[in-house]
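Notes follow once the structure below has been shown.
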Amino acid sequence: MAAPRKPFDPPTPEQTAFLERAIEQHGKATYNFALRLTHNEADARDLTQEAFIRVYRAWRSFQPGTSFLSWVYRIVTNLYRDELRRRKGRYQEEIPEDNAPQEFAGARPLAVEPIEDLVEAQMSETMSKALGALSPDQRQVIVLADIEEYSYQEIAEIVGCSIGTVRSRLHRARQQLRKLVEHFSAKS
Amino acid sequence: MIEKHATTEDLIDYLHGELPPEADAGILAHLEQCAQCTALYDDQARLSESLRSYARSSERDLPQGVVASIWDAIEREERAPSSLQRLAAFLRPAYALPIAAVLVLGAFFGYTATHRAAATTTIDAAIYLRDHASLNSTMPFGDGASEPATLRSDESASDQQWIASTGTSVVAQDQ
Amino acid sequence: MRKISSALALAALVTATAGATPQASPTALLRAAIAAPKHLSYTGEVQVLRFGTQRSEAAIYRIEHRAPDLTRRWYLAPQNLYGDSVISRGETTYSIDVKRDRVIVAQDDAIDDQVAEDDNFAVLASNYNAAFAPDEQYDGRPVRVVVLTNKYTGQTTMRLRIDAKTNLVLAKETYAANGALSTQVRFQQIRYAQQIPAGVFDVPKGMHVVQGPSRGLPSSDLQHVIAAAGFAAHGPKYLPEGFTPVEGDVVDIKGIRTLHLLYSDGIRTVSLFQNQGASDIGFESYHASSTKIENHEAKYVEDGATTLLAWSESGLHFTLVGELSLGELEKIASSVIP
């Protein structure tokens, strides 16, 4: 349902530079946001790609002085929701193997104890499973509030709902998350 | 003196700095005196810290392939001919005259038909009500979700005409 | 946000909550009730009553449902529907009109949209308190009674009687803003069947087939849908507490391209229709009253729990429809083009 494109409308240098800057400054954050929403690397790549294509097409509608990240998070949120509905799958999916915590690739800091690394990895996997078991709306509000640290007002604008809904959704999501953490922790 | 205990919801809002100043100060003062509520608050704070810790440990760099694929997709879009470009390519001199004639005649009759039918199209309120009800199918306990909705027992004359002219029926929207 | 540092925050969290046993809750029962038809096959008779201000409606139909998604409804009343049936096979619905000897086929991708259902349930759970009322006996079966109360208005909006053994909703009542009973849906003579023959859900052959309206998956990206409307469209800036955008799409109503935006709080919904051009709204089926939206003439219809409000502004024709009071719709209307 994209708006009809105007023909004979070649890209301007400003448009290209806009996208280059956007990817450079916010590409990583956007990708990680998509990854936390989708809990799947392949989906996060697709979502990030599609989001920046939308950013490129709609570059004139971004209002300077407002938060670019909020704008692109809103795009990612809506793309994700539409994609989920196209697939018509249940939201509770098993976490795919490729989503296990990343192996430590660089040099180990000398001060870190190996046992803490192991505990940290286990805790991370538990949290990953717990987040993956939340509904998309619940996962989204927790990611925005507790990881991205947006205010309730900002979250309401990104998600497109009232502050009251953000508040009550976050309360329920955190309650649910605690139960899931306990559940997955007991299993491991 | 310990006042009323804080609810979990209040503590979550306090943790996120979302309480009005007076309520915020009230919670702070209460926590200083109430071990029970402090324990609950610490519990919530630990959950938030666990989330941030998880986020830090799971953060990834933007895969290079994603950047390349964004530019590839944009380049493909820019190269694909638009509908007007395809039309321009199609209208070669050998076909231009008869096609142009068809277009002109079509435009004339189209204009005439439109001009005659400039009268306003009336959409009955019942159609909006039915269209609204039909989207209830995804509501958890909407009439279209777990129980079918009532079929209206009457159909207006204008809807009968619309059925006859379009071959569709508003009845189909009543689920 | 306030922060505390804790290297083993998660371990401490788990330790603190160890031993807690989750208990059945009204919300969990509601979840199970929504899922029940996906794994239960049953037959019975359903009575539907809608109490409007201007008119009331009633229908009775026999129902056969084979899990997960085959349903046939065969109408017994009112008289002009007697003998008609509706067969649903997943996303496709066949309306069989015996008097006109035709079958109307319609597709609606949103019917089988599990993700949307999950999301909308989360919105409902956010905005409504679910509480048990005393257990009852209904149609010879023990039922749990769940009452849903709006968190912001404190108003009881829905009451459900749920089969205690199977979790199927056997009766549902919804209430208008003033507390009056608005709709009542009741199962009678319910029988749970292991297997209902698939042939029950076959569409009769030999009838004239007509393609009805098809609705593809609407988009939840309302800003995108508004931009794709084909005219300078608007969305509301004010919504009642708890309401969130659900979906939107562009539909063709009698040849008029119309943007439809849907918002919901999980139970109550409100649609904003808007279009441009030579069209107006007719009230052949209803008696409409007059009001004003910021100096623009407007018409409204109150029909039980549903209110419709229509007005024109800046070259656009707007129609709001929702399970809200006229006052709330007027506030929403005033915010569309401030």
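So between C:H287 and C:N129, what do we pick up on full extension, going 0.36 nm a residue minus the alpha carbon distance?
Here the answer is 53.3 nm.
Would you please give the FRET efficiency between C:R100 and C:L181, computed as 1/(1 + (r/R0)^6) with r the Cβ-Cβ distance and R0 = 41 Å, to the nearest 0.05?
In this case the efficiency is close to 0.75.
What's log10 of I(q)/I(0) for segment C:126-200 at q = 0.18, 0.27, 0.28 Å⁻¹, Debye sum over Cα points only, no solvent?
Rounded to two decimals, the profile gives -0.77, -1.24, -1.29.
If I model a spin label as a point 7 Å beyond the Cα along the Cα-Cβ vector, how far apart are those points for C:Y152 and A:K28 in nm?
Going from the C:Y152 label point to the A:K28 one covers 4.0 nm.
Viscosity 1.567 mPa s, temperature 4 °C: what is the translational diffusion coefficient of segment C:129-269 from Stokes-Einstein with a Kirkwood Rh over Cα pairs, rounded to a whole number of µm²/s?
67 µm²/s
Which residues among segment C:31-69 fall inside the zone where the amide N is under 20 Å from a point 7 Å beyond the Cα of A:K187, along Cα→Cβ?
C:32, by backbone N distance to the label point.
So which of C:K99/C:K254; C:K38/C:K165; C:K151/C:K299; C:K99/C:K172 end up more than 20 Å apart by C-alpha?
Cα-Cα > 20 Å for C:K99/C:K254; C:K151/C:K299; C:K99/C:K172; rest within.
Given the DSSP H assignment, sum -39500 (n - 2.57) over each helix run of at least 4 residues in chain C and divide by its residue total; what's the result at 222 nm in deg cm²/dmol, nearest 500?
-4500 deg cm²/dmol
Relative contact order for chain C using alpha-carbon pairs under 8 Å, separation at least 6, rounded to a whole percent?
Computed over chain C, the figure is 14 percent.
Which is the longest run of chain C containing none of the trypsin sites (Lys or Arg not before Pro) found in DSSP loop states (not H, G, I, E, B) with at most 13 other C-beta atoms within 10 Å?
Values: sites that count: C:R2, C:K3, C:K99, C:K165, C:K205, C:K237.
Excluding the exposed sites themselves, the longest stretch runs over C:238-338.
Using the Kirkwood formula on the Cα atoms of segment C:159-216, what hydrodynamic radius do you get, in angstrom to one decimal?
About 15.8 Å, per the Kirkwood formula over Cα pairs.
If a paramagnetic tag sat 7 Å from the Cα of A:A58 along the Cα-Cβ line, which residues of segment A:133-175 would have the backbone N under 15 Å from that point?
Counting only backbone N, you get A:157-161.
Loop sites only, by DSSP: take the GluC sites (Glu not before Pro) in chain C that have at most 15 other C-beta atoms within 10 Å and name the longest stretch containing none of them.
C:1-240
With the crude spin-label approximation of a point 7 Å out along Cα→Cβ, what separation in nm comes out for C:K237 versus C:D252?
Roughly 3.5 nm, to one decimal.
Which FRET efficiency value, to the nearest 0.05, do you get for C:Y82 and B:A68 by plugging their Cβ-Cβ distance into 1/(1 + (r/R0)^6) with R0 = 60 Å?
On the way: r = 64 Å, r/R0 = 1.07.
In this case the efficiency is close to 0.40.
For a quick check of understanding: with a 1.4 angstrom probe and all protein chains in place, what accessible area in square angstrom does A:M123 have, to the nearest ten?
40 Å²
Would you calculate the separation in nanometres between label points at C:K205 and C:T53, each defined as 7 Å from the Cα along the Cα-to-beta-carbon direction?
Once both label points are built, they end up 5.2 nm from each other.
Taking only the C-alpha atoms, wrap a convex hull around chain C and report its volume per residue in Å³ as a whole number.
Here the figure is 195 Å³ per residue.
The values are calculated or read from the model by the stated rules, or taken from the named source; none is laboratory data. It should be emphasised that the depicted structure is a prediction, and the values quoted were computed from it without experimental measurement. Please note: Cβ atoms are built from the backbone with ideal geometry, for glycine as well, and neighbour counts cover all protein chains shown. Quick note on the areas: whole protein, heavy atoms, side chains included, nothing else; ligands and nucleic acids left out. Shrake-Rupley method; radii C 1.70, N 1.55, O 1.52, S 1.80 Å.
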